[in-house]
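Participant: I am attaching a structure below and will ask some questions about it afterwards.
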Amino acid sequence: MNALMMQFPLTLPHVLERMGQFFGRIEVVSRRPDKSLHRTTYGEIHGRVLKLANALQRLGVKPGDRVATLGWNHSRHLEAYFAIPLMGAVLHTLNPRLSPADLSYIMNHADDTVLLVDDVLVPVYERFRANVHPRNVIVWGNGMRPAEGLLDYEDLIAPELNAFTPPPLDENQAAGLCYTSGTTGKPKGVLYSHRSIILHSLVSALPDALGLKQTDTMMPVVPMFHVNAWGLPVTAAMMGTKQVFPGPHLDAVSLLELIDGEKVTITAGVPTIWISILEALDKEPARFDHSRLHTMVVGGSAAPQSMIEAYEKRHGLRILHAWGMTEMSPIGTVSRIKAGLETLPEAEQFRLRATQGLPVPLVEVRVVGDNGPVPWDGRSMGELHVRGPWIASSYFQNPVEADKFTKDGWLRTGDVVTMDGEGYVRITDRSKDLIKSGGEWISSVDLENALMGHPAVKEAAVIALPHEKWAERPVACVVLKDGRTATEQELRDFLTPLFAAFQLPDAFVFLDVLPRTATGKFLKSALREQLKALKLS
């Protein structure tokens, strides 16, 4: 007997109603710019979402319109996460760390009709204001009145009704828009549908993915403008998880204070954040209580195995390595030890946990070399291709780069990887950063992660520079920890047992700081430009 299930659209209003009906008393905590804490609940946020939807509708926002946000992580940003898709419009998060030229390009390319902006980020907006033309700019204030011509958020929503009837929503219509950071060419927009966001949130919450539960307290350090904080605010709302938002204060001490004071159990951020927190914990291991913290998700770039080991062995904290891309909403893989592998030696388990891990459910992967699929042997390298229900099939209004997406749904990621017999993916490099010296490939990521295992090294980035004989050779750019010293020979000796002689860097350059992209990754193009005059013998 065949029976068809009733069609139930996968749209964000369902998450909003679930949040308000069943988890109305659950707290949402935000740190303000002055470092004070603002406390609200999912129930209060639910009502304010409806008010915001009414207010935006009164301002003329229509289904399909893009509404931009320029804000840090806080509860009012979460209100926009739901109110904008609720009315059929598209939430477009802007990264305030981008250049004024990139922000102008992105807003104009998206044709944003309204901008919501933090009062502390109004100076950022002013730097590109003359080049963009939203109909309205609304300020999330913290006690200061906005300048003339800008609307105050609280004044805007105060008179609105605490009720809103959404227009008919199709699960495949756009709900969100994020742009890549533009390290290669112009930033590229990626649209997220209601359906893709819901499916992404469901899989993110699975025990062997990120494992978010109603009993958790989640602090997303990854910004809400960076691939929607990896989808975590929506996943947490769906599960009824308490959320703690750090606002603009992302220094180690401020984050550790929140972990301690709010009894955070799970948090997520890029490696540079966790490197700084590890340094703070090493200096004052007894200052903060992190006994409730069971998971620190790391993504955005490969995390050093030495960091993963240091957290666990010195502080009893567990790092969970994940990988994804803006084009993937973003989660693609998570590194957990498979059943049957728990008896492996500790060193081998740490090695696996430092890989990008296994694909999460509904994500398919393949590794493709110059001559087709490469074997799953943990050594053969190729480009990683992915496909799945929350992975983009094209860029927004950008036919130029259509070749990144295959006709049968695969996304060419540009990441060069190996895959072992168990299915663990290990990124060896971005295709543009892989070093080919004398016909042999050298992984900059492997060298970087090994260098960051040296007790004096805080951060390291390895780049390729031209060489007359070998075409390219690796050069290591190193930032030392405060108060620590190391010589070039000491670092070379440290790497020698771990790498073949041809893989060792030809030079070590000591810097005070490494340039970063707007999302916190090392900006290797800037390093190559900075060191282009360096002559390698």
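Participant: Can you tell me which residues in the range 335-350 are surrounded by fewer than 16 Cβ atoms within 10 Å (Cβ to Cβ) and in a helix (DSSP H, G or I)?
Facilitator: GLU346, ALA347, GLU348, GLN349
Participant: On to the next question. If you check ILE45, ILE26, which single one turns out to be under 29 Å from SER254 (Cα atoms) and in contact (Cβ under 8 Å) with a residue 60 or more places away in the chain? Can you show your working first?
Facilitator: Values: ILE45 fails: in contact (Cβ under 8 Å) with a residue 60 or more places away in the chain.
That would be ILE26, the only listed residue that is under 29 Å from SER254 (Cα atoms) and in contact (Cβ under 8 Å) with a residue 60 or more places away in the chain.
Participant: Tell me, yes or no, whether the range 146-153 has at least one residue that is crowded, with 20+ Cβ neighbours inside 10 Å and either under 17 Å from ALA83 (Cα atoms) or more than 30 Å from the chain's Cα centre (by Cα) (or both). Lay out the reasoning, then the answer.
Facilitator: Step one: list which residues in the range 146-153 are crowded, with 20+ Cβ neighbours inside 10 Å, which gives 153.
From what's left, either under 17 Å from ALA83 (Cα atoms) or more than 30 Å from the chain's Cα centre (by Cα) (or both): 153.
Yes, the range 146-153 contains at least one residue that is crowded, with 20+ Cβ neighbours inside 10 Å and either under 17 Å from ALA83 (Cα atoms) or more than 30 Å from the chain's Cα centre (by Cα) (or both).
Participant: Every residue in the range 191-230 that is buried (at least 22 other Cβ atoms within 10 Å of the Cβ) and at positive phi, please.
Facilitator: Across the range 191-230, the qualifying residues are VAL227, ASN228, ALA229, TRP230.
Participant: Is it the case that some residue within the range 431-446 is modelled with pLDDT of 90 or more and either crowded, with 21+ Cβ neighbours inside 10 Å or not charged (D, E, K, R) (or both)?
Facilitator: First pass over the range 431-446, keeping only residues modelled with pLDDT of 90 or more: none.
No, there is no match, as no residue in the range 431-446 is modelled with pLDDT of 90 or more and either crowded, with 21+ Cβ neighbours inside 10 Å or not charged (D, E, K, R) (or both).
Participant: Could you count how many residues in the range 491-537 are of a type outside the set (A, V, I, L, M, F, W, C), within 16 Å of GLU459 (Cα to Cα) and over 27 Å from the mean Cα position of the chain (by Cα)?
Facilitator: Of the residues in that region, 2 qualify.
Participant: Given PRO220, PRO271, PRO246, PRO168, which one is touching a strand residue (DSSP E or B) at 6+ places or on another chain (Cβ under 6 Å) and modelled with pLDDT under 95?
Facilitator: Numbers: PRO220 fails: modelled with pLDDT under 95; PRO246 fails: modelled with pLDDT under 95; PRO168 fails: touching a strand residue (DSSP E or B) at 6+ places or on another chain (Cβ under 6 Å).
After ruling out the rest, the residue left standing is PRO271.
Participant: Which is exposed (fewer than 15 other Cβ atoms within 10 Å of the Cβ), of a type outside the set (Gly, Ala, Ser) and modelled with pLDDT of 95 or more, of ARG58, ARG48, ARG66? Please lay out each step first, then the result.
Facilitator: Values: ARG48 fails: exposed (fewer than 15 other Cβ atoms within 10 Å of the Cβ); ARG66 fails: exposed (fewer than 15 other Cβ atoms within 10 Å of the Cβ).
None of the other options fit; the residue is ARG58.
Participant: Taking the range 120-140 on its own, how many of its residues are surrounded by 11 or more Cβ atoms within 10 Å (Cβ to Cβ), outside any loop (DSSP other than H, G, I, E, B) and of a type outside the set (Asp, Glu)?
Facilitator: Initial filter on the range 120-140 (surrounded by 11 or more Cβ atoms within 10 Å (Cβ to Cβ)): 120-122, 124-129, 131-140.
Narrowing the set further to residues that are outside any loop (DSSP other than H, G, I, E, B) leaves 120-122, 124-126, 129, 131, 136-140.
Filter again for of a type outside the set (Asp, Glu), leaving 120-122, 124-125, 129, 131, 136-140.
Qualifying residue count, the range 120-140: 12.
Participant: Continuing with this model, one more query. Could you give every pair whose Cβ atoms fall below 6 Å, whose first residue belongs to the range 401-413 and is under 20 Å from THR333 (Cα atoms), and whose second residue is part of a loop (DSSP other than H, G, I, E, B) and among the aliphatic types (A, V, I, L, M), counting only separations of at least 6 or pairs across chains?
Facilitator: LEU411/ILE391
Participant: Working only within the range 368-424, note down all residues that are under 30 Å from HIS194 (Cβ atoms), assigned to a strand (DSSP E or B) and among the aliphatic types (A, V, I, L, M). If you could, list the steps in order and put the result at the bottom.
Facilitator: Kept after step one, since they are under 30 Å from HIS194 (Cβ atoms), are these residues of the range 368-424: 384-415.
Narrowing further to those that are assigned to a strand (DSSP E or B): 384-387, 405, 411-415.
Selection gives LEU384, VAL386, LEU411.
Participant: Another question about this same structure. Answer yes or no as to whether GLY332 is assigned to a loop (DSSP other than H, G, I, E, B), surrounded by 23 or more Cβ atoms within 10 Å (Cβ to Cβ) and touching a residue at least 24 places away in the same chain (Cβ under 8 Å). Give the steps one after another, and end with the answer.
Facilitator: Working: assigned to a loop (DSSP other than H, G, I, E, B): no; surrounded by 23 or more Cβ atoms within 10 Å (Cβ to Cβ): yes; touching a residue at least 24 places away in the same chain (Cβ under 8 Å): yes.
Against the criterion (assigned to a loop (DSSP other than H, G, I, E, B), surrounded by 23 or more Cβ atoms within 10 Å (Cβ to Cβ) and touching a residue at least 24 places away in the same chain (Cβ under 8 Å)), GLY332 does not qualify.
Participant: A further question follows. With the checklist (1) surrounded by fewer than 22 Cβ atoms within 10 Å (Cβ to Cβ); (2) under 18 Å from ILE157 (Cβ atoms) in hand, flag the one item ASP102 doesn't pass.
Facilitator: Just one mismatch for ASP102, condition (2).
Participant: Confirm whether THR517 is among the polar types (S, T, N, Q) and free of Cβ contacts under 8 Å to residues at least 24 places away in the same chain. Reasoning before the result, please.
Facilitator: Working: among the polar types (S, T, N, Q): yes; free of Cβ contacts under 8 Å to residues at least 24 places away in the same chain: no.
When the stated conditions are applied, THR517 does not pass them.
Participant: Take LYS524 and decide whether it is buried (at least 18 other Cβ atoms within 10 Å of the Cβ), in contact (Cβ under 8 Å) with a residue 40 or more places away in the chain and either under 20 Å from GLN305 (Cβ atoms) or in the same structural domain as ILE442 (by TED's automatic domain parsing) (or both).
Facilitator: On the way: buried (at least 18 other Cβ atoms within 10 Å of the Cβ): yes; in contact (Cβ under 8 Å) with a residue 40 or more places away in the chain: yes; either under 20 Å from GLN305 (Cβ atoms) or in the same structural domain as ILE442 (by TED's automatic domain parsing) (or both): yes.
The answer is yes for LYS524.
Participant: On to the next question. Could you check the range 312-329 and list, in sequence order, the residues that are buried (at least 19 other Cβ atoms within 10 Å of the Cβ) and either touching a Pro at 6+ places or on another chain (Cβ under 8 Å) or not hydrophobic (A, V, I, L, M, F, W, C) (or both)? Give the derivation first.
Facilitator: Here is the first cut: in the range 312-329, the residues buried (at least 19 other Cβ atoms within 10 Å of the Cβ) are 317, 319-329.
Correct list: HIS321, GLY324, THR326, GLU327, SER329.
Participant: Applying the selection to the range 395-428, what residues are at positive phi and modelled with pLDDT under 90?
Facilitator: Of all residues in the range 395-428, those at positive phi come to 397, 409, 414, 423.
Answer for the range 395-428, where residues must be at positive phi and modelled with pLDDT under 90: just GLY414.
Participant: Can you say whether GLY143 is surrounded by fewer than 19 Cβ atoms within 10 Å (Cβ to Cβ), free of Cβ contacts under 8 Å to residues at least 40 places away in the same chain and touching an Asp or Glu at 6+ places or on another chain (Cβ under 9 Å), as far as the supplied structure shows?
Facilitator: Working: surrounded by fewer than 19 Cβ atoms within 10 Å (Cβ to Cβ): yes; free of Cβ contacts under 8 Å to residues at least 40 places away in the same chain: yes; touching an Asp or Glu at 6+ places or on another chain (Cβ under 9 Å): yes.
Taking the combined requirement at face value, the residue satisfies it.
Participant: Answer yes if at least one residue in the range 117-136 is among the acidic types (Asp, Glu) and closer than 26 Å to GLU257 by Cβ, and no otherwise. Explain how you work it out, then say what you get.
Facilitator: Restricting attention to the range 117-136, the residues satisfying the condition of being among the acidic types (Asp, Glu) are 118-119, 126.
Subsequent filtering for residues that are closer than 26 Å to GLU257 by Cβ retains 118-119.
Yes, there is a match, as at least one residue in the range 117-136 is among the acidic types (Asp, Glu) and closer than 26 Å to GLU257 by Cβ.
Participant: Still on this structure, please answer the following. Confirm whether TRP323 is over 27 Å from VAL365 (Cα atoms) and either in contact (Cβ under 8 Å) with a residue 12 or more places away in the chain or not in a loop (DSSP other than H, G, I, E, B) (or both).
Facilitator: no
Participant: Are there any pairs with C-beta distances below 7 angstrom linking a residue in the range 461-477 that is free of Cβ contacts under 8 Å to residues at least 24 places away in the same chain to a residue that is aromatic (Phe, Trp, Tyr) and surrounded by fewer than 16 Cβ atoms within 10 Å (Cβ to Cβ), with the two at least 6 apart or on different chains, and if so which?
Facilitator: Correct list of pairs: empty, since none qualify.
Participant: If you go through the range 272-284 one residue at a time, do you hit one that is surrounded by 24 or more Cβ atoms within 10 Å (Cβ to Cβ), at negative phi and of a type outside the set (Asp, Glu)?
Facilitator: Residues of the range 272-284 surrounded by 24 or more Cβ atoms within 10 Å (Cβ to Cβ): 274, 277.
If we keep only those that are at negative phi too, we end up with 274, 277.
Pick out the ones that are also of a type outside the set (Asp, Glu) and you get 274, 277.
For the range 272-284, residues surrounded by 24 or more Cβ atoms within 10 Å (Cβ to Cβ), at negative phi and of a type outside the set (Asp, Glu): present.
The values are calculated or read from the model by the stated rules, or taken from the named source; none is laboratory data. Remember, predicted model here, so these are calculated numbers, not experimental data. Cβ atoms come from the backbone with ideal geometry, glycine included; neighbour counts cover every protein chain shown.
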